[in-house]
Amino acid sequence: MMENKYIRCVFLVIVIFVILSCFILFCLGEKKKDVCFDSVCFDVNIADNLIERERGLMNVEYLDERSGMLFIYENSGNYSFWMKNTMISLDIIWIDEDFNVVYIKSVFPCETEVCEVYCSSEKSKYVLEINYGLAEKYNISVGEKVDVFV
């Protein structure tokens with residue numbers, strides 16, 4: 001009798017997991033926007049909730065030159081990033097609530113157990129991650145205005 005309860009409980013957990021996975025993967029779909037600077041636009045995936053922001057670009061092996069990820073927060077703050085389990089070098093661009101670039105940092109994958117944390121001293125509401133070196137290549141600089149399009 002106890003074995004049947006256990007089997008039903010395990011089955012229920014599996015069904016709930018499958019339904020939630022389906023919802024997350026298929027029902028929500030990819031959220032994308034275009035983020036444009038004076039010299040270039042990037043087609044970015046949106047990370048606007050805790051799970052997406054925590055995952056970020058972890059375990060991504062390749063990112064197209066004009067692609068990236070835009071982290072969107074509910075409020076302005078000092079948001080930190082690290083390169084744990086990130087496989088590609090990135091330019092991280094902090095953007096304030098008025099869509100002005102406030103800080104840019106070029107970073108490399110973390111290859112140690114303890115990873116450095118990167119943060120802007122200026123408050124931001126958005127943070128853009130793009131391939132390493134593109135901020136310099138396209139002359140993206142602090143103070144530049146950013147346009148975000150759905």
Legend entry - Values of log10 I(q)/I(0), in the order q = 0.12, 0.15 Å⁻¹, for the stretch 31-149 under a Debye, Cα-only, solvent-free model: -0.37, -0.59
Legend entry - Two-site label geometry, Leu50 and Lys123: point separation in nm, points 7 Å out along Cα→Cβ: 2.2
Inset, instruction - Describe numerically, in nm with one decimal, the distance between label points set 7 Å from Cα along Cα→Cβ at Asp64 and at Val114. - result: 4.0
Legend entry - Filter on Lys105/Lys145; Lys33/Lys145; Lys105/Lys137; Lys32/Lys125; Lys31/Lys137 - keep pairs with C-alpha separation over 19 Å: Lys31/Lys137
Inset, instruction - At q = 0.14, 0.29, 0.31 Å⁻¹, work out log10 I(q)/I(0) for the stretch 86-129 with the Debye formula, treating every Cα as an identical point scatterer and leaving solvent out; two decimals please. - result: -0.36, -1.01, -1.09
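Every number in this text was worked out from the coordinates using simple rules, so none of it is lab data. All of these numbers come straight from a predicted model, not from anything done at the bench. As a convention, Cβ positions derive from the backbone with ideal geometry for all residues, glycine included, and neighbour counts pool all protein chains shown.
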